[in-house]
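The structure appears below as structure tokens.
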Amino acid sequence: MAERAKPRLGVAMIGHSFMGRTHSHAWRSASRFFNLPLEPEMKVLVGRDQPRAEAAASTLGWAEVSTDWRQVLERKDVHLIDICTPGDTHAEIAEAALDAGKHVLVEKPMANSVAEAQRMVDAAQRARSQGIHAMVGFTYRRVPALQLARELISEGRIGEIRQVRAQYLQDWLADPEVPLSWRLDREKAGSGALGDIGAHIVDLTYFLTGERFAGVSGLLDTLVPERPIAAPAGGDGADGAAGSAGAGGGLGGGVGGDARGPVTVDDTALVTGRLSSGAPVILEATRFAWGRKNAMRIEVSGSRGAICFDFEEMNVLHHYDASAPARTAGFTRILATEPEHPFVEAWWPPGHGLGYEHGFTHQVVDLVRGIAADQAPRPSFEDGLHVQHVLDAIERSSGAANQWTAVHQSERS
Ligand SMILES: NC(=O)c1ccc[n+]([C@@H]2O[C@H](COP(=O)([O-])OP(=O)(O)OC[C@H]3O[C@@H](n4cnc5c(N)ncnc54)[C@H](O)[C@@H]3O)[C@@H](O)[C@H]2O)c1
């Protein structure tokens, strides 16, 4: 009963397919498991097609629907806009929402270009002075094992950062008959594997080491330059009945017709880089790694040891202590499911494990707590802008025969 006295945080979410489903789950579950200072209310689901939006709202737990996000910004009972649409819409919606005094959570990559991301930072800075906050959905930051990795690194447990290697491997485009979708359209997605999954490992490198990228050399390639045009799906063409990702929601799925069209983004991104300390980094993002479904891996080697993570075993962090005697030295497998581990106490007993969706719930928890405390949640729009500058430098380098390219350093939050 006491919970009823909590101030409400009215939420409107735009887009209701893959990310719309994960975010809805997060908004539904956050205050059921965590003690939040504000009670999120799932007010409005925004889609482009009324019947589909209504069906999704009923499945996902939203009170109302709208097909006009601008109208939703006028509502006094909506305090936060959650943007779960492709990248071409992020800047316009986020800027308008912040200027209307709404908090914003926007999916990654934050924008489709540096110029858009910069405009979003400007809007976030205008809003911050009014107590309005903005956050980017680099969700993997909130996997407990990766939060633990960040803690160990900042405590100096692996010493100075010497080298980072990270991969994000998927295989949903390895079949050349998988039809075109918005993720393969530069106008909608900004870039391909680079911005979609490469952005995550750029952000994670930044998050774990605390260091920005200084420069990069990039090699982007489109391995299958033409694909079948997807047969019309009806409605707004992007969502399954409840917006399932496997039903054409942008990650494979759908059926191709006879006609073919161009892929206008990269299929694979290979990058060498240096962090601000000079530490070398190697990154690989691809959707052509057969058998690798969502293999996001990162290993950071320091002067005193290393940490190693693989999302396909997401509850585990490996830690190597180089000071251990050679006879017994080896990676320690830490099952990050103890109450001492970040976020875990709110969930299940040790060893019972968390999944993909929990990162999204933790994201909502930190966002709501940040809003209530008037403390800018991270990753901020400035953090998102840094990632955008890295993506931009990689693209420019790739277009210039892999030439070494400095990463523009913008302001910090
Ligand atoms: N954090 C993560 O790990 C993660 C994972 C997947 C996707 N994403 C990001 O989330 C965003 C959405 O990706 P997705 O996989 O959910 O895509 P999706 O294709 O599954 O869903 C996109 C949704 O946006 C709607 N939409 C498209 N254009 C719109 C417009 N102009 N106005 C209103 N609605 C519109 C579609 O109808 C659909 O409901 C992208 O930025 C993507 O990069 C993040």
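Pull up the cross-link candidates among the lysines for LYS102, meaning alpha carbon to alpha carbon under 25 Å and not fewer than 8 places away within one chain.
LYS6, LYS43, LYS76, LYS188
For GLY261, which sequence-distant residues (separation of 5 or more, or a different chain) have an amide H within less than 5 Å of its own amide H, given hydrogens modelled in the peptide plane?
ARG227, ILE229
Can you bin region 109-202 into rounded, prolate or oblate? Criterion: square roots of the alpha carbon gyration tensor eigenvalues sorted a ≥ b ≥ c, rounded for a/c under 1.5, prolate for a/b above b/c, oblate for the rest.
oblate
Compute the orientation-averaged projected area for region 309-413 from the convex hull of its Cα atoms and round it to one decimal in nm².
Over all viewing directions, region 309-413 projects a mean Cα-hull area of 11.1 nm².
Once you compute Rg and the Kirkwood Rh from C-alpha atoms, what is the Rg to Rh ratio for region 25-157?
The Rg/Rh ratio comes out at 1.00.
Among ASN315, ASN402, ASN35, determine the one that fluctuates most according to a GNM of the chain built with springs between C-alpha atoms less than 10 Å apart.
ASN35
What shape does region 258-326 have by the C-alpha gyration tensor, where a ≥ b ≥ c are the square roots of the eigenvalues, rounded means a/c under 1.5, and otherwise prolate means a/b greater than b/c and oblate the rest?
Note, shape of region 258-326 comes out oblate.
Once each part is reduced to its C-alpha centroid, what is the distance from region 24-101 to region 116-169 in angstrom?
23 Å
What nm value, rounded to one decimal, do you get for the distance between ARG75 and GLU54 when each label is placed 7 Å out toward the C-beta?
The two pseudo-label positions are separated by 1.6 nm.
So what are the ³J(HN,Hα) numbers for region 126-132, from phi and the Karplus equation (6.51, -1.76, 1.60; θ = phi - 60°), rounded to whole Hz, Gly and Pro as x?
Here the 3J(HN,Hα) series is 4, 6, 4, 5, 9, x, 9 Hz.
Consider a paramagnetic label point 7 Å from the Cα of THR222 along Cα→Cβ; state which residues of region 167-187 have an amide N under 13 Å from it.
Answer for region 167-187: 180-181, 183-187.
Once phi is turned into θ = phi - 60°, what whole-Hz ³J(HN,Hα) does the Karplus curve with 6.51, -1.76 and 1.60 give for every residue of region 294-301, x standing for Gly and Pro?
8, 8, 9, 10, 9, 10, 10, 9
Excluding GLU395 itself, calculate the net charge of residues whose Cβ lies under 13 Å from the Cβ of GLU395, where each Lys or Arg counts +1 and each Asp or Glu counts -1.
-1
Are there any trypsin sites (Lys or Arg not before Pro) in region 314-396 that are in a DSSP loop and have at most 12 other Cβ atoms within 10 Å? List them by number.
Passing both the DSSP loop test and the Cβ count: ARG327.
Give me the 1.4 Å probe accessible area per residue for the chain, excluding ligands and nucleic acids, in Å².
Heavy-atom SASA per residue in the chain reads 41 Å².
Please list the three semi-axes, largest first and in whole Å, of the ellipsoid equivalent to region 1-40, using sqrt of 5 times the eigenvalues of its alpha carbon gyration tensor.
Semi-axes (√(5λ), whole Å): 22, 11, 6.
Starting from the Cα-Cα distance between LEU335 and ALA376, subtract it from 0.36 nm times their residue separation and give me the gain in nm to one decimal. Show your work: numbers first, answer last.
Details: separation 41, 0.36 × 41 = 14.76 nm, distance 3.04 nm.
Extra length from LEU335 to ALA376 when fully extended: 11.7 nm.
The values are calculated or read from the model by the stated rules, or taken from the named source; none is laboratory data. Values in this document were obtained by computation on a predicted structure and should not be read as measured data. For neighbour counting, all protein chains shown are included, and Cβ atoms are generated from backbone atoms with ideal geometry for every residue, glycine included. For the accessible areas, the whole protein counts, side chains as well, though only heavy atoms, and no ligand, DNA or RNA atoms are used. Shrake-Rupley method; radii C 1.70, N 1.55, O 1.52, S 1.80 Å.
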